[in-house]
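S.K.: Below is one structure. I have some questions about it.
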Number of protein chains: 2
Amino acid sequence: MSNPHEYAAAQADRFREQLKTLIRIPSVSTLPERQAETRQAAEWLADDLKQAGFETVEVLPTAGHPVVYAEWLGAGSAAPTVLVYGHYDVQPAVREDGWDSDPFEPVERDGFLYARGSSDDKGQMFAQVKAAEALLQTSQPRVNLKFLIEGEEEIGSPHLGAFVKANRERLMADVCVISDTGMRTSEQPVIAYSTRGLMYLEVEVTGPKQDLHSGGYGGIVHNPAQALAEIVAQLHDADGSIAVPGFYDEVLPLSQHERDELKKSAMPDSFWQEATGVPAFWGEADYALHERIGGRPTLEINGMVSGFYGAGSKTVLPAKALAKMSCRLVANQQPRVIFEKVKAHILNLAPPTIRVEVRLLAEGDPALMDIQSPVMQAAIRAYEQGWGRRPVFERGGGTLPILADFQRELNGLPIILMGFGLNSDGAHGPNERFSLEMFHKGIDTAIYFLEAVGG
Amino acid sequence: MSNPHEYAAAQADRFREQLKTLIRIPSVSTLPERQAETRQAAEWLADDLKQAGFETVEVLPTAGHPVVYAEWLGAGSAAPTVLVYGHYDVQPAVREDGWDSDPFEPVERDGFLYARGSSDDKGQMFAQVKAAEALLQTSQPRVNLKFLIEGEEEIGSPHLGAFVKANRERLMADVCVISDTGMRTSEQPVIAYSTRGLMYLEVEVTGPKQDLHSGGYGGIVHNPAQALAEIVAQLHDADGSIAVPGFYDEVLPLSQHERDELKKSAMPDSFWQEATGVPAFWGEADYALHERIGGRPTLEINGMVSGFYGAGSKTVLPAKALAKMSCRLVANQQPRVIFEKVKAHILNLAPPTIRVEVRLLAEGDPALMDIQSPVMQAAIRAYEQGWGRRPVFERGGGTLPILADFQRELNGLPIILMGFGLNSDGAHGPNERFSLEMFHKGIDTAIYFLEAVGG
């Protein structure tokens with residue numbers, strides 16, 4: 001048998017049973033009592049990669065759970081190299097959370113496989129593994145393959161950045177593929193080609209040296225909660241844009257081509273209305289809703305606290321007030337630069353009647369892939385062949401710091417988010433599931449992609 | 001012996017020992033396990049009032065702890081009647097709170113009596129009882145006397161309003177005297193002739209139907225925390241005045257005479273600086289600090305809460321935001337009228353992108369006594385005689401709803417806050433104390449006042 005697609009079709013039942021075996025290993029990375037099982041999943045996966053035909057397979061230590069690394073470089077140094085990233089760890093799950101069946105005993109029902117990790121990310125990652133196997137078992141691939149499967153994605157990948165930095169020569173590739181995202185429907189494939197960056201800070205306003213009696217002191221002290229509100233209210237202009245001077249200076253504008261492409265994937269306003277339930281939308285009027293989410297930066301208040309907020313009334317004049325806020329950033333904004341601009345603006349707004357501190361809490365770079373690049377064209381062809389339909393493009397609103405980690409360490413390589421999940425899979429929740437149709441279409445599409453990159 | 005002052009001097013030691021006996025009864029109104037002792041204090045006091053010479057003494061039931069009521073109407077219906085209000089219940093206290101001695105075993109040290117309730121209010125209230133005794137035992141008083149001593153002041157007087165309403169004919173008087181406040185120094189007597197009212201509300205802003213992921217939805221939804229801040233920021237003008245239309249309409253302005261009198265009791269800015277520790281004062285520039293506190297209304301943010309405010313970062317777009325806020329009111333502002341104005345302003349500020357609810361939580365009327373009235377002149381004379389010094393006047397910043405209750409039910413009778421405590425007595429805290437000099441000067445001053453009212 002020389003055709004990888006025929007191989008994948010013939011092996012479909014075995015692939016499915018193998019996935020169930022992997023799912024049965026409860027590799028919950030956040031639970032110390034699951035450390036042995038998490039390692040067991042890594043070793044099971046390493047064995048499977050060896051049997052799939054990889055030349056070198058290693059379970060490499062990190063300061064936390066190990067990384068599974070496999071490579072096949074038989075295409076030669078002149079051929080392109082594909083780096084596949086995924087993760088073998090999963091979120092916690094217990095039956096009592098609302099599962100209809102044991103979360104670690106996969107059940108097939110109505111075309112879905114129900115289990116923790118079935119979609120996120122064992123199922124999606126395993127589709128890439130099986131695509132590589134199909135290629136390696138049936139042909140002499142014209143691409144080199146590198147697989148990096150980590151065990152700490154569900155706890156924020158605390159050691160992945162250091163691992164990539166320490167192994168940059170070895171991981172160097174021409175394109176990175178990640179199957180760890182969802183599509184809205186199984187019919188229309190979508191490629192997310194950007195993620196937003198993040199800059200998270202907190203603002204603390206202090207006034208009196210301790211909480212005061214509002215009767216005894218009200219009228220002579222600038223109330224810190226009021227002062228914080230006055231600052232927060234000056235972070236946006238009336239048109240919904242961000243009032244921080246220079247905030248938009250580095251923003252790479254949406255091109256007309258992108259806007260045209262994005263329109264093809266745009267959900268109708270009724271979708272967003274249903275999802276949010278807001279009485280009316282808000283934001284930059286010059287941009288469509290989907291453009292505001294993926295293509296524009298934001299400044300969001302994530303939380304505020306001051307004084308008394310329990311039931312009933314307490315006549316306190318609070319000593320301080322705190323706000324958590326964060327910016328979602330787009331290319332080419334840099335979190336540190338934005339932090340300094342927001343901080344300067346806030347300090348500039350602060351009146352002499354209070355004291356203000358601004359502290360940076362977290363940061364992550366935005367990522368943007370060129371939708372007209374050759375590898376993106378390869379991905380488009382792969383979806384057309386695997387799905388029978390041309391994919392549409394979207395910009396993701398969230399932040400995947402690993403994308404920026406990979407790009408920073410690996411010469412800015414392009415990354416294809418080749419998600420085979422569905423948004424309705426219920427990742428992280430009870431009754432997580434994975435469409436078996438998506439699993440098998442995903443294997444096919446991944447094979448087509450590797451073939452297309454090979455030329 | 002026909003002179004009440006000589007009587008009081010001769011009985012000083014007995015008065016003091018009687019006060020200690022009353023203090024030893026732990027009448028902690030908030031503790032169910034002290035219900036018997038609370039009642040015991042009421043009965044002890046009733047016995048003492050009988051022995052003092054009152055014609056009628058009753059321990060009257062309420063829905064909570066009983067009221068002690070005593071009257072002597074021997075001056076005849078043409079003579080003026082003085083109603084004395086006080087309370088026999090106390091705050092909780094245990095040695096472990098930081099007391100140097102048993103809180104319910106009074107100890108004399110350096111001219112002070114240390115014990116729970118020594119100042120608030122057993123000591124101050126008992127000075128009035130002993131003044132009445134001195135008058136009744138030595139003369140035919142030219143004033144009728146009514147004493148109303150409640151047992152629930154420390155839990156907010158939940159049943160006093162109903163009691164006063166139900167007994168309004170019986171309680172009718174020409175002036176009410178309350179000894180339950182403090183002076184700054186023992187040398188300079190101060191009469192607080194007003195208290196501020198209170199209107200307490202909460203504002204809830206809701207946006208999306210549940211907390212959203214700030215990456216998935218940030219940019220199209222009006223953030224409720226931001227929207228709340230935008231509303232709060234529009235409640236004051238830049239000059240520190242309140243921006244609610246019509247807010248000041250009913251405010252009775254400070255007269256020049258009052259401003260002159262208040263200047264005599266005003267503490268220097270350094271006092272307020274020390275007490276608050278703020279980097280700079282804030283508020284209505286046209287009014288001195290003490291005028292802003294006592295003579296002007298405020299709108300204070302008592303608390304705010306929204307979204308995530310713990311350690312670290314969580315990229316939530318919160319579904320709602322809540323602010324607690326309250327106005328301190330001055331004569332002739334009415335809490336309900338002010339609530340409607342503030343509510344209307346807030347709803348008017350609310351944009352169509354969010355929903356806002358405004359809820360009234362508490363209210364209390366302001367009280368203002370005429371410092372030029374005949375009874376106030378009697379109080380001034382009494383202090384001059386008892387203290388050897390003319391009292392100064394101040395406006396209190398806090399709220400005493402019972403004042404408005406008395407005035408509303410009892411034909412707007414004038415109320416004299418004849419406090420014999422010191423601000424440094426530590427009421428409600430550990431090592432509460434009462435100056436024995438203030439106790440005896442207080443008895444004398446109370447006698448002079450009853451004599452002055454009698455003409």
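S.K.: When averaged across all projection directions, what area in nm² does the alpha-carbon convex hull of the protein assembly as shown cover?
M.R.: On the way: hull surface 172.4 nm².
Over all viewing directions, the protein assembly as shown projects a mean Cα-hull area of 43.1 nm².
S.K.: Per the Kirkwood treatment, what hydrodynamic radius in Å, one decimal, follows for region A:1-107 from the mean inverse distance over all distinct Cα pairs?
M.R.: It works out to 16.0 Å.
S.K.: Over all directions, what mean area does the Cα convex hull of region A:216-333 project, stated in square nanometres?
M.R.: One quarter of the hull surface, i.e. the mean projection, equals 10.3 nm².
S.K.: Calculate the tail of P(r) for region A:198-268: the fraction of all Cα-Cα distances greater than 19 Å, expressed in %.
M.R.: 62 percent
S.K.: Based on the Cα coordinates of region B:277-342, what is the per residue volume of their convex hull in Å³?
M.R.: Working: hull volume 10.0 nm³, N = 66.
Hull volume over Cα atoms, normalised by residue count, gives 152 Å³.
S.K.: Apply the Debye scattering formula to region A:333-455, with a single equal point scatterer on each alpha-carbon and no solvent, then give log10 I(q)/I(0) at q = 0.11, 0.20 Å⁻¹.
M.R.: Results for region A:333-455 at q = 0.11, 0.20 Å⁻¹ read -0.59, -1.20.
S.K.: Could you check the simple spin-label distance between B:R39 and A:D239, using points 7 Å along Cα→Cβ, in nm with one decimal?
M.R.: Taking the simple label geometry, B:R39 and A:D239 are separated by 7.4 nm.
S.K.: How far is B:L360 from the same spot in each other copy, in nm, shortest first, if each label point sits 7 Å from Cα toward Cβ?
M.R.: Computed spacing set for this position: 5.1 nm.
S.K.: Hey, what's the per residue convex hull volume over the C-alpha atoms of region B:384-455, in cubic angstrom?
M.R.: On the way: hull volume 9.2 nm³, N = 72.
Expressed per residue, the convex hull around the Cα atoms of region B:384-455 is 128 Å³.
S.K.: Could you work out the mean projected area of the convex hull around the alpha carbons of region B:283-391, in square nanometres to one decimal?
M.R.: Values: hull surface 48.6 nm².
In nm², the orientation-averaged hull projection of region B:283-391 is 12.1.
S.K.: Here is a further query. Scaled to the compact-protein estimate 2.2 N^0.38 Å, what is the alpha-carbon radius of gyration of chain A, rounded to two decimal places?
M.R.: 1.10
S.K.: Between B:Q137 and the same site in the other copies, what are the distances in nm, shortest first, taking label points 7 Å from Cα along the C-beta direction?
M.R.: Label-point separations across copies, in nm and ascending: 10.9.
S.K.: May I ask you to sort B:F104, A:F126 by Cβ crowding, counting other Cβ atoms within 10 Å and putting the fewest first?
M.R.: So the ranking, lowest neighbour count to highest, is B:F104, A:F126.
S.K.: Okay, which of region B:276-319 sit inside 16 Å, backbone N to the point 7 Å along the Cα-Cβ direction of B:V337?
M.R.: B:297-298
S.K.: Once R0 is set to 22 Å, what does the formula 1/(1 + (r/R0)^6) return for the Cβ-Cβ distance between B:Q273 and A:E357, expressed as a FRET efficiency to the nearest 0.05? If you can, show how the numbers build up before the last one.
M.R.: Numbers: r = 22 Å, r/R0 = 0.99.
So the FRET efficiency works out to roughly 0.50.
S.K.: What span do the alpha-carbon atoms of region B:256-304 cover on each of the three principal axes, reported in whole Å from largest to smallest?
M.R.: Over region B:256-304, Cα extents along the principal axes are 40, 23, 15 Å.
S.K.: What does the charge count near B:D89 come to, summing +1 for each Lys or Arg and -1 for each Asp or Glu among other residues with Cβ under 11 Å from its Cβ? Intermediate values should be presented prior to the final figure.
M.R.: Details: positive: B:R34, B:R39, B:R116, B:K122; negative: B:E37, B:D120, B:D121, B:E150, B:E152, B:E153, B:E154.
So the surrounding residues net to -3.
S.K.: 7 Å from Cα along Cα→Cβ at both B:Q188 and B:V251: what's the point-to-point distance in nm?
M.R.: Using points 7 Å along Cα→Cβ, the separation is 2.6 nm.
S.K.: Could you name the aspartates and glutamates whose alpha carbon sits less than 13 Å from that of A:K263, not counting residues in the same chain fewer than 8 places away?
M.R.: Partners found: A:E291, A:E394.
S.K.: Which ordering of B:T62, A:T445, B:T315 is given by a fewest-first count of other beta-carbon atoms within 10 Å?
M.R.: Ordered by Cβ neighbours within 10 Å, fewest first: B:T62, B:T315, A:T445.
S.K.: Continuing with the same structure: Pairs B:K50/B:K165; B:K20/B:K324; B:K264/B:K343; A:K146/A:K264; A:K264/A:K324: which exceed 31 Å Cα-Cα?
M.R.: B:K20/B:K324; B:K264/B:K343; A:K146/A:K264; A:K264/A:K324
S.K.: While we're looking at this one, here's another question. Simple spin-label model, 7 Å along Cα-to-Cβ: B:E6 to A:R109 in nm?
M.R.: 10.0 nm
S.K.: Can you list, shortest first and in nm, the gaps between the label point of B:L349 and those of its counterparts in the other copies, using a point 7 Å from Cα in the C-beta direction?
M.R.: Those separations, rounded to one decimal, come out as 1.4 nm.
S.K.: Using the count of nearby Cβ atoms within 10 Å as a rough guide to exposure, how do A:K209, B:K20 rank from fewest to most? Walk me through the numbers before you get to the answer.
M.R.: Values: A:K209 12, B:K20 17.
Going from sparsest to densest Cβ surroundings: A:K209, B:K20.
S.K.: Give me the dipole magnitude in Debye, nearest 20, for region B:403-455 about the Cα centre, with unit charges on the beta carbon: positive for Lys and Arg, negative for Asp and Glu. All intermediate terms of the calculation are to be shown ahead of the outcome.
M.R.: On the way: 3 positive and 7 negative charges, 12 e Å.
That gives region B:403-455 a dipole magnitude of about 60 debye.
S.K.: Additional query: Taking the Cα centre of region B:194-271 as the origin, how large is its charge dipole in debye, to the nearest 20, when only Lys and Arg (+1) and Asp and Glu (-1) carry charge on their Cβ atoms?
M.R.: For this selection, approximately 140 debye.
S.K.: PRE reach from B:A78 (point 7 Å along Cα→Cβ): which of region B:399-443 fall under 14 Å by backbone N?
M.R.: none
S.K.: Could you calculate the FRET efficiency of B:Q372 with A:E96 from 1/(1 + (r/R0)^6), where r is the beta carbon distance between them and R0 is 60 Å, rounded to 0.05?
M.R.: E(calc), rounded to 0.05, equals 0.25.
Values in this text are rule-based calculations from the coordinates and carry no lab data. Because the structure is a prediction, the values reported are computed rather than measured. Positions of Cβ are generated from backbone atoms using ideal geometry, with glycine treated the same way; all protein chains shown enter the neighbour counts.
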